[in-house]
Every structure is written in structure tokens, then in C-alpha cells.
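Beneath this line is the structure, given in C-alpha cells, with notes to follow.
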Amino acid sequence: MSVSDPAVPDPTVQQQAQPIDDRVNNRSQRPTSEAFKAFMASGWAPAEGSLPGRDAVAEYTARRRRAISERFPGERLVIPAGPLKVRSNDTDYRFRPHSAFAHLTGLGVDHEPDAVLILEPVDEGTGDDGGHHSATLYFRPLAGRDTEQFYGDARSGEFWIGARPTLAELEARLGIATAHLDGLEAALTKGVGAPAIGGISVRLVRKVHEDIDALVDTARYNTAMDPEPLDLSVFDALDDQLAEALSELRLAKDEWEVAQMREAVAATAAGFEEIIRALPRAVAHRRGERVVEGAFFAKAREEGNDLGYETIAASGNNATVLHWIRNNGPVREGELLLVDAGVEAESLYTADVTRTLPVGGTFSEVQRRVYQAVLDAAEAAFAAARPGVKFRQIHAAAMEVLAARLEEWGILPVSAEEALSDAGQQHRRWMPHGTSHHLGLDVHDCAQARRELYLDGELAPGMVFTIEPGLYFKAEDLAIPAEYRGIGVRIEDDILMTAEGPVNLSAALPRTPDDVEAWMASLR
Ligand code: GLY
Ligand code: MN
Ligand code: MN
């Protein structure tokens with residue numbers, strides 16, 4: 001091959017005329033004449049004038065920001081919503097803000113790509129609600145219909161994606177001062193430096209928006225006092241403590257959040273009814289699990305914002321695969337269908353519910369036996385949960401029931417007592433996951449909380465968490481009698497802790513074997 005052969009890149013060849021990132025526009029022509037620009041920026045009705053009222057969430061978010069202000073007086077706190085995420089080329093995923101941002105602003109649905117909440121330190125007691133900070137929400141406001149952005153920006157222009165809020169509208173809704181994104185860089189970097197010389201310490205929710213990470217890193221680097229090259233990782237502890245505090249702030253839900261959880265659970269219950277109605281079509285379809293997934297998804301989009309996580313629609317042996325989200329299998333009469341699904345409300349709070357349904361409408365004797373054991377474990381866990389009890393006790397109560405049942409069936413290779421000891425744990429072959437997790441804006445909520453406040457923490461009023469024991473007997477598991485193989489059961493409910501004890505928010509979805517059969521009969 002010679003150097004002139006086009007298959008061999010010549011390292012001396014210059015960058016080609018059109019940058020590679022621009023080529024996504026090669027499929028169409030863009031008018032660029034001044035006549036077109038002038039015409040496009042004229043002749044539109046003026047935007048509506050009246051401002052919206054205050055969102056009900058605003059008084060709650062003010063309290064949340066006040067609590068965080070109390071933790072970090074004198075420091076600038078930076079909470080980004082995150083950027084649009086590219087699916088491919090010029091096609092984005094639907095936007096979802098970071099949960100910490102949603103929690104402190106009250107913004108849900110697709111609000112607002114690239115936005116950043118800054119809590120700016122002020123003199124003690126002179127901030128918002130007498131706190132140590134004043135909050136400003138920086139975002140890209142709606143551009144006027146007389147601007148090029150209106151029709152020329154396919155990612156943010158109203159012409160392409162619909163109206164978005166103005167600065168005044170979000171300020172009115174949220175009760176937070178707002179400012180244009182143009183002022184963000186100055187606001188983020190102003191005065192950053194070591195407190196010892198009068199600089200401002202910054203704490204950032206990292207890995208949400210890489211541009212913001214870079215801005216903060218640069219500001220820290222440029223203003224550091226140390227004459228040696230600065231190791232930026234020394235700041236990790238500051239950022240980690242903020243992430244931890246924001247996560248722990250969400251451990252107990254306020255009444256507005258509990259109402260959102262109830263809404264998400266109600267929509268989820270409606271979604272499960274749609275699944276039962278769709279079962280005849282699922283059985284007839286070669287990929288019946290997709291029929292199940294789609295029936296639920298339709299309800300999630302109709303009633304809420306989206307799914308809170310990918311639906312698990314797992315029939316027969318697939319029900320023993322814990323994270324089965326491929327959902328491309330058939331749904332057969334006689335099998336158990338395990339569905340783990342949750343609707344995310346417009347506020348972004350999500351339910352997380354599992355029901356295991358006999359596809360034909362009635363449980364076989366062995367299916368009912370396994371199902372009843374899981375239900376008994378769930379009931380024992382529920383009975384163990386009360387304020388002041390350690391979170392880990394919920395799991396322990398469920399495991400006692402399951403280990404005893406596995407021993408009774410001759411499945412455990414050791415006694416239940418031995419299995420339950422730290423040195424044993426053989427029962428976990430068939431129940432390998434945790435029994436509970438906190439639930440809220442994230443399906444696995446409060447994930448940055450310290451262990452002493454999570455697993456080793458005490459249950460307290462306002463906490464919302466799942467109880468979700470299961471038994472999973474894989475078809476290929478030779479350690480169990482053949483009659484159990486290919487059966488997977490999980491029952492998952494969403495629990496609110498109150499001063500009087502636990503409340504099952506998802507109790508409207510039937511869960512005893514008889515009630516499940518009656519429910520299915522009533523909908524088919
Ligand atoms: N669906 C995820 C979970 O149950 O934790
Ligand atoms: Mn689940
Ligand atoms: Mn769960």
C-alpha cells in the first residue's frame with residue numbers, strides 16, 4: 001500500500017473543513033438569510049402576562065434549605081440540576097433533574113437542564129428565613145419570541161421544545177430568587193479561597209454536571225494559598241459531607257412528600273390493574289413480558305412523570321433473576337409472573353411495588369406454599385417495624401420466617417438457627433437481597449447516608465421504606481427439590497413510619513393468595 005492509499009490515514013492531513021461535531025446537521029438545510037431571521041422573530045403573540053401562584057411545596061423546600069444552611073454556615077453550597085444527557089448524536093433523553101436539586105427547589109418533571117441552586121453565605125441570621133444563606137436559582141429562562149434562540153435552538157427554544165419558565169415565573173412559583181445562567185460562573189467563583197485569608201469555602205454536589213465540577217475545581221485551584229501544586233482531592237471531603245448531609249436530610253419525609261408518595265403509589269396500583277387486564281394478550285404474545293411492561297408504562301406516563309426505575313416483568317424462571325429487565329420472555333399459563341414496578345409522580349417521588357401473580361388466575365399448591373412463606377416474612381417484618389427499632393431488625397424478622405420455612409421444607413442444609421448465625425447464612429442462596437431500603441425521590445433513596453443512620457439507624461416517624469422479602473428458586477438449582485424449581489416470589493410494599501407505627505401505603509394492592517386470586521378474577 002502506498003501512502004496515497006485512502007485506507008491509510010496520512011498523519012500530515014489537516015483537520016477536514018467541517019468539524020465532525022457539526023455533521024449532525026448535514027441531513028437538512030438551515031435558512032440563514034437576514035430576511036428569514038427577521039421574519040421568524042416577528043409576528044408572534046406576546047407571551048402571557050400573569051405570574052403563577054406559589055407552589056404548595058415552596059414552604060417545605062424553604063425549611064429544607066434552612067436545615068442545610070444550619071449545617072454549613074459561611075460556606076457557598078452548589079447544587080446542580082445536571083445537563084441534558086445525549087442518547088445519540090443530537091437526540092437527548094428526557095431530562096430529569098438530580099434528586100438533591102429537586103428536593104431543595106421543589107422542581108420536578110423536566111425542570112431545568114443546566115440549572116444550579118446556589119446557597120450563598122451571608123451574615124449570621126440575615127439570610128432566607130433568618131438562616132445563614134440566601135438562595136438563588138440560576139437557569140436558562142425562556143427566550144422571547146423575538147429572539148433567535150426562540151426558533152434557532154432545538155434544545156432550549158420554545159419553537160422546538162415548548163415553553164419553559166421565565167425568571168419571574170419560577171421565582172413566583174418557588175419563592176427562590178432567580179438569575180440568568182449568564183451570571184453563574186461569576187457567582188460560583190467569586191471570592192473562592194481559603195477561609196483563613198477571607199476566602200469563601202465552596203461545597204459542591206459533584207458528578208452531576210461536569211462543567212460545574214470543572215468551574216469549581218478551577219476556582220479552588222486558582223485561589224489556593226499553597227505555593228505547591230495543589231492536590232484537588234483535599235476538597236473531596238467537603239463535597240462528600242454535603243452529599244451526606246443532603247442524603248440524610250431526606251431520611252424523614254415531610255407531609256408534602258408523604259402526599260406525593262401516596263400519589264405515586266395510587267398510580268402504581270392503577271398500573272398493576274392494567275397489567276392484569278393485559279394478561280390474556282400477554283399469554284398470546286411471543287414476548288408476553290413486554291406486553292406486561294408496556295401496560296404498566298402506559299399508566300406511568302398517563303398518570304405520572306415516568307417509571308421510577310426499569311420495570312421487572314418476569315415470568316416463570318425469569319422471576320428468579322433479580323434484575324430481570326430484559327423482559328423479552330413469554331408469559332405462560334401456570335407460571336408465576338413477578339412484576340416489580342413503580343410510577344414516578346410529576347414531583348419525581350416514586351413508588352416501588354412488587355406483586356407476584358399466578359398467570360392463570362389461581363396458585364398451584366406449591367406456588368401457594370412459597371407465596372405464603374414470603375407473605376408471612378413480610379408480615380413479620382411489618383410487625384417488627386416501629387419507631388426506635390433499628391432498621392436492620394426489619395430484615396432480621398423476615399429472615400427468621402424464611403429460614404424456618406426452608407428448614408421445614410427440607411431445603412436448608414443446616415438448621416434454621418445455624419443458617420441465621422453470621423457463620424451460616426445458607427438461606428441467603430434463595431433470598432440474596434436486602435429486605436428494605438429507603439424510598440422517595442430515588443427508588444434507593446438516601447444512598448449517601450451514613451450506615452449508623454441507615455442500616456444501624458433507628459426507625460423514626462416520616463421515614464418511607466420498602467418491605468420486600470422474596471424466595472427465588474432457580475430452575476437450574478440442584479440443591480432444592482424439583483417441585484420448587486423455576487418459582488420466584490417477591491412481595492414488596494411501601495411503608496410509612498408514623499409515631500403510632502407503620503402504615504402500608506400500598507395496602508390497596510391485594511397481597512394474600514386468596515385476595516390476589518379474587519383481584520385477578522374481578523379484572524378479567
Ligand atoms: N425495584 C428495585 C427494588 O425493589 O429495590
Ligand atoms: Mn422493587
Ligand atoms: Mn425495592
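The values are calculated or read from the model by the stated rules, or taken from the named source; none is laboratory data. Note that the coordinates shown come from a computational prediction; the quantities given were computed from them, not determined experimentally. We place every Cβ from the backbone using ideal geometry, glycine too, and count neighbours over all the protein chains shown.
Return a yes/no flag: does segment 415-429 have any residue that is closer than 16 Å to I467 by Cα, within 30 Å of the chain's Cα centre (by Cα) and surrounded by 16 or more Cβ atoms within 10 Å (Cβ to Cβ). Scanning segment 415-429, I find no residue that is closer than 16 Å to I467 by Cα, within 30 Å of the chain's Cα centre (by Cα) and surrounded by 16 or more Cβ atoms within 10 Å (Cβ to Cβ), so the answer is no.
Can you name the residue in segment 457-491 that is of a type in the set (V, I, T) and in a strand (DSSP E or B) and is also farthest from ligand 2 (Cβ to nearest atom) among such residues? Give the derivation first.
Start the filter on segment 457-491 by keeping residues that are of a type in the set (V, I, T), which leaves 464, 466-467, 480, 487, 489, 491.
The next check asks that each one be in a strand (DSSP E or B); those that pass are 464, 466-467, 487, 489.
Working: V464: 14, T466: 7, I467: 11, I487: 18, V489: 13 Å.
The extreme case among them is I487.
Selection over segment 410-460 of residues that are more than 16 Å from ligand 1 (Cβ to nearest atom), over 15 Å from L249 (Cβ atoms) and aliphatic (A, V, I, L, M) gives a count of 8.
Would you please name the residue that is nearest to I79 (Cα to Cα), looking only at residues in segment 115-139 that are among the β-branched types (V, I, T) and assigned to a loop (DSSP other than H, G, I, E, B)? Please lay out each step first, then the result.
Taking segment 115-139 first, the residues among the β-branched types (V, I, T) are 116, 118, 122, 126, 136.
After this cut, where a residue has to be assigned to a loop (DSSP other than H, G, I, E, B) as well, the list is 122, 126.
Numbers: V122: 17, T126: 21 Å.
Looking at the filtered set, the residue picked out is V122.
Scanning segment 53-99 for residues that are in contact with a Leu (Cβ under 7 Å, 6 or more places away or on another chain) and more than 20 Å from V205 (Cβ to Cβ) yields D55, A58, D92. Would a scan of segment 198-218 turn up a residue that is under 22 Å from S69 (Cβ atoms), acidic (D, E) and out of contact with any helix residue (DSSP H, G or I) (no Cβ under 8 Å at 6 or more places or on another chain)? Within segment 198-218, not a single residue is under 22 Å from S69 (Cβ atoms), acidic (D, E) and out of contact with any helix residue (DSSP H, G or I) (no Cβ under 8 Å at 6 or more places or on another chain). Restricting attention to segment 313-343, the residues being charged (D, E, K, R) and in contact with a Gly (Cβ under 8 Å, 6 or more places away or on another chain) number 3. All conditions in (1) within 26 Å of S347 (Cα to Cα); (2) away from ligand 2 (no atom under 14 Å from the Cβ); (3) in a strand (DSSP E or B); (4) in contact with a helix residue (DSSP H, G or I) (Cβ under 6 Å, 6 or more places away or on another chain) hold for D494, with the sole exception of (2).
When segment 118-131 is filtered for residues that are touching a residue at least 40 places away in the same chain (Cβ under 8 Å), in contact with a strand residue (DSSP E or B) (Cβ under 6 Å, 6 or more places away or on another chain) and surrounded by fewer than 24 Cβ atoms within 10 Å (Cβ to Cβ), the ones remaining, listed by number, are I118, E120, P121, G127, D128.
Considering A298, A266, the condition of being surrounded by fewer than 20 Cβ atoms within 10 Å (Cβ to Cβ), in contact (Cβ under 8 Å) with a residue 60 or more places away in the chain and under 30 Å from F95 (Cβ atoms) is satisfied by A266 alone.
Just give me the residues in segment 293-337 being small (G, A, S), assigned to a loop (DSSP other than H, G, I, E, B) and either within 19 Å of the chain's Cα centre (by Cα) or closer than 19 Å to E483 by Cα (or both), in sequence order. Lay out the reasoning, then the answer.
The first filter runs over segment 293-337 and keeps only residues small (G, A, S), leaving 294-295, 298, 300, 304, 308, 313-316, 319, 329, 334.
Narrowing the set further to residues that are assigned to a loop (DSSP other than H, G, I, E, B) leaves 304, 308, 329, 334.
Residues satisfying the conditions are G304, G308, G334.
Checked against the criterion of being within 16 Å of ligand 2 (Cβ to nearest atom), surrounded by 16 or more Cβ atoms within 10 Å (Cβ to Cβ) and farther than 30 Å from M497 by Cβ, segment 361-372 contains not a single residue that satisfies it.
Within segment 480-507, the residues that satisfy the criterion of being of a type in the set (A, V, I, L, M, F, W, C) and either at pLDDT below 95 or surrounded by 13 or more Cβ atoms within 10 Å (Cβ to Cβ) (or both) are I480, I487, V489, I491, I495, L496, M497, V503, L505, A507.
Restricting I161, I118 to residues that are of a type outside the set (K, R), over 17 Å from D55 (Cα atoms) and modelled with pLDDT of 95 or more narrows the list to I118.
Set side by side, the residues E289, E310, E303 differ, and just one is within 14 Å of ligand 2 (Cβ to nearest atom) and of a type in the set (D, E, K, R), which is E310. When each of P387, P358 is tested for being more than 26 Å from A264 (Cβ to Cβ) and either touching a residue at least 60 places away in the same chain (Cβ under 8 Å) or within 14 Å of ligand 2 (Cβ to nearest atom) (or both), the lone residue that passes is P358.
Conditions tested, residue by residue: (1) away from ligand 3 (no atom under 16 Å from the Cβ); (2) touching a helix residue (DSSP H, G or I) at 6+ places or on another chain (Cβ under 9 Å); (3) of a type in the set (S, T, N, Q).
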{"position": "W324", "(1), (2), (3)": "no, yes, no"}
{"position": "N328", "(1), (2), (3)": "yes, yes, yes"}
{"position": "E333", "(1), (2), (3)": "yes, yes, no"}
{"position": "L336", "(1), (2), (3)": "yes, yes, no"}
{"position": "E346", "(1), (2), (3)": "yes, yes, no"}
{"position": "D352", "(1), (2), (3)": "no, yes, no"}
{"position": "P358", "(1), (2), (3)": "yes, yes, no"}
{"position": "G361", "(1), (2), (3)": "yes, yes, no"}
{"position": "Y371", "(1), (2), (3)": "yes, yes, no"}
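Scanning segment 140-155 for residues that are surrounded by fewer than 18 Cβ atoms within 10 Å (Cβ to Cβ), not hydrophobic (A, V, I, L, M, F, W, C) and not in a helix (DSSP H, G or I) returns G144, D146, T147, D153, R155.
Somewhere in segment 278-289, is a residue within 24 Å of the chain's Cα centre (by Cα) and of a type outside the set (G, A, S)?
yes
Taking every residue in segment 29-53 that is over 13 Å from G152 (Cα atoms) and pairing it with any residue that is in a helix (DSSP H, G or I) and among the basic types (K, R), at least 6 positions away or on another chain, the pairs with Cβ-Cβ distances below 9 Å are L51/R173; P52/R173; G53/R173. For F235, the conditions (1) touching a residue at least 40 places away in the same chain (Cβ under 8 Å); (2) over 23 Å from the mean Cα position of the chain (by Cα); (3) more than 27 Å from R490 (Cα to Cα) are fulfilled apart from (1).
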